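What follows draws every value from the coordinates through simple rules; no lab data is involved. Because the structure is a prediction, the values reported are computed rather than measured. In this analysis, Cβ positions are derived from the backbone assuming ideal geometry, glycine residues included, and neighbour counts consider all displayed protein chains.
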Amino acid sequence: MPNPPSNQPRRTLLLTGASRGIGHATVKRFSAAGWRVITCSRHPFPENCPWDAGPEDHIQVDLSDEGNTTEAIAEIKRRLDNGELHALVNNAAISPKAEGGKRLGSLDTDIGTWQRVFAVNFFAPIMLARGLVDELKTAKGSVVNVTSIAGSRVHPFAGAAYATSKAALASLTREMASDFGRLGIRVNAIAPGEIDTAILSPGTEKIVEQIPMQRLGTPDEVAKIIYVLCTEMSSYVNGAEIHINGGQHV
């Protein structure tokens, strides 16, 4: 994608969970279109990063820690040009497993794990959006929450805490679309299915057999939809949850 004309101000994306998979592809997609991308993750900026931005556009934050998240919001505000944020993509999520990588169900997930999963997957997105609402409002920006196919049906690999946090995030997206939409900020969600990333579980090939398109999705196929939801191409889309799963849920 071409860079925007030089007489247009550069747009800024804040992305959580950028280090791999869908987040990684999203950085590349927006960077190719000339956006500035500020990334947030619990890891320091990787030296072998493939995009142009350096550590000045990366914020190390533990999204499971409310205090640390609040500090990160203040730092993000300091780094934003003209107090404008054009897009916020809440992609960071955790999905703890039992020993041997087994699924953690509702009977064997301890309360600490439930709380940590919801802190990252559910509370961090609303904290970031509320904390940066003025900057989103100024830019007439867009918020994209990354939910999951596991949020609407029991999944053989995704645990109970992860699945219910994603279901809650889908509901939160509707609430935010109603509240933020009145401020000129659109809020939508994408719900990926089986995407070809490093975190796929053994046995995924059996799920692929049930997908009408007979293949996994790619991270870039998800990133393209995120990009559309953050631009004027989707100017009247608000409160939607777009399923990107090759027809797996039909």
### Query
Within the chain, which complete DSSP H helices have Cα atoms spanning at least 24 Å along the helix axis and a mean Kyte-Doolittle hydropathy of 0.0 or higher?
160-181
#### Entry: C-alpha center-to-center spacing [region 201-250, region 63-113] in angstrom
22 Å
### Task
Please give the calculated 222 nm ellipticity per residue for the chain, where each DSSP H segment of at least 4 residues contributes -39500 (n - 2.57) and the sum is spread over every residue; nearest 500 deg cm²/dmol?
-10500 deg cm²/dmol
#### Entry: Burial order of peptide ranges 109-122, 210-223, 136-149 (average beta-carbon count within 10 Å, highest first)
136-149, 109-122, 210-223
## Note on the structure
Surrounding charge for GLU66, neighbours by C-beta under 13 angstrom, Lys/Arg +1, Asp/Glu -1, total -1
### Summary
Placing each pseudo-label 7 Å from Cα in the direction of the beta carbon, SER19 and GLU232 end up separated by a distance in nanometres of 3.8 nm
### Summary
Checked against a 21 Å limit on the C-alpha separation, the offending pairs among LYS137/LYS224; LYS77/LYS137; LYS102/LYS166; LYS97/LYS166; LYS102/LYS206 are LYS137/LYS224
### Under Karplus coefficients 6.51, -1.76 and 1.60, residue-wise ³J(HN,Hα) of region 184-189 in Hz, glycine/proline x
x, 10, 7, 10, 9, 9
### Query
If each of LYS140 and ARG79 carries a label point 7 Å out from its Cα toward its Cβ, how far apart are those two points in nm?
2.7 nm
### Query
Taking the Cα-to-Cβ direction at THR70 and at ARG215 and moving 7 Å from each Cα, how far apart do the two end points lie in nm?
4.8 nm
### Query
Arranged by the count of other C-beta atoms within 10 angstrom, fewest first, what order do LEU172, LEU88 take?
LEU172, LEU88
### Query
Which ³J(HN,Hα) values, rounded to whole Hz and listed in residue order, are derived for region 204-211 from phi using the Karplus coefficients 6.51, -1.76 and 1.60 in 6.51 cos²θ - 1.76 cosθ + 1.60 with θ = phi - 60°, glycine and proline given as x?
4, 4, 6, 5, 4, 4, 8, 8
### Query
Under 5 Å between amide H atoms, partner at least 5 residues away or on a different chain: which partners does HIS58 have, H built in plane at 1.01 Å?
THR39
